[in-house]
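Read through the structure below, which is laid out as structure tokens, and then see the notes.
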Amino acid sequence: MTYRLDYEEDVLTVIDRLKDEHRDIDRKLSRVAEICRNYESGKIKVALSLLRTVSTEILRHAVEEEAIVARAIMKSKVTKEDSVESVSILQEHRRIKEFFEDKLPYLTNEFSEQKVRKEILEFIDEIMTHHKGEEKVVFPLA
């Protein structure tokens, strides 16, 4: 997958696209969560596969937020308190990246199926909450 950031693109256009991507990602993650809540034996492999598939999209999305949205915030005249909260929200991307790289590949080797389901559901909830924080705090500052 080749992807280039367009630093000349209007920030409002970027934010609109990122919001649309939040909806799309959340829809895909809701499907994974639905599979995890179903508790059918063997379906956890399907959930893990879907989660791996969407990981590239989520990580690319996070890079664009950090590169373009964070840059716009730094250039704007926001207060220190506002920018601190937005930086904190954007730093959650590190946790997301660590989950995909350091935890997801080893979940089924280290945990019971019940624990894997719980880990995935907690992670999905974390991402969806993260998206809400970005839309409430980060995007308006940009």
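For the chain, excluding the exposed loop sites themselves (chymotrypsin sites (Phe, Trp or Tyr not before Pro), DSSP loop, at most 11 other Cβ atoms within 10 Å), the longest remaining stretch covers 40-142. Could you tell me how many degrees, from 0 to 90 and to the nearest 10, lie between the Cα long axis of helix 44-64 and the main elongation axis, the longest principal axis, of the Cα atoms of the chain? Between the helix axis and the principal axis of the chain, the angle is about 10 degrees. Which pairs break 25 Å Cα to Cα here: 97/132; 28/103; 45/97; 45/132; 43/118? Too far apart for the 25 Å limit: 45/132.
Taking the chain as a Gaussian network, Cα atoms linked when under 10 Å apart, which of 132, 75, 97 shows the biggest mean-square fluctuation? Answer for the Gaussian network model of the chain: 75.
Pairs of Cα atoms nearer than 8 Å and 6+ residues apart set the relative contact order; for the chain it is 36 percent. Trypsin sites (Lys or Arg not before Pro) within region 1-71: which are DSSP loop residues with at most 12 other Cβ atoms inside 10 Å? In loop regions of region 1-71 (DSSP not H, G, I, E or B), the sparsely surrounded trypsin sites (Lys or Arg not before Pro) are 4. Taking the Cβ of residue 64 as the centre, find all other residues whose Cβ is under 13 Å away and add up their charges (Lys, Arg: +1; Asp, Glu: -1). Here the charged neighbours net out to -4. Considering only GluC sites (Glu not before Pro) in DSSP loops that have at most 13 other Cβ atoms within 10 Å, the longest stretch of the chain without any of them is 41-142.
Name the residue from 96, 36, 61 whose Cα lies farthest towards the positive end of the charge dipole of region 1-110, charges +1 on Cβ of Lys and Arg and -1 on Cβ of Asp and Glu. Result: 36, furthest along the dipole toward the positive end. When log10 I(q)/I(0) by the Debye sum over Cα atoms at q = 0.10, 0.14, 0.17 Å⁻¹ is calculated for this entry, the matching label among [x] -0.37, -0.68, -0.93; [y] -0.49, -0.80, -0.97; [z] -0.47, -0.83, -1.06 is [x]. Percent of Cα pairs in region 1-60 per distance bin of 5 Å, from zero to the largest separation: 4, 15, 21, 19, 15, 10, 8, 5, 3, 1.
We did not get these values from a lab; they are worked out from the coordinates using the rules stated. The structure displayed is predicted, hence computed values, not measured ones. Cβ sites come from the backbone with ideal geometry, for glycine too, and all protein chains shown count toward neighbours.
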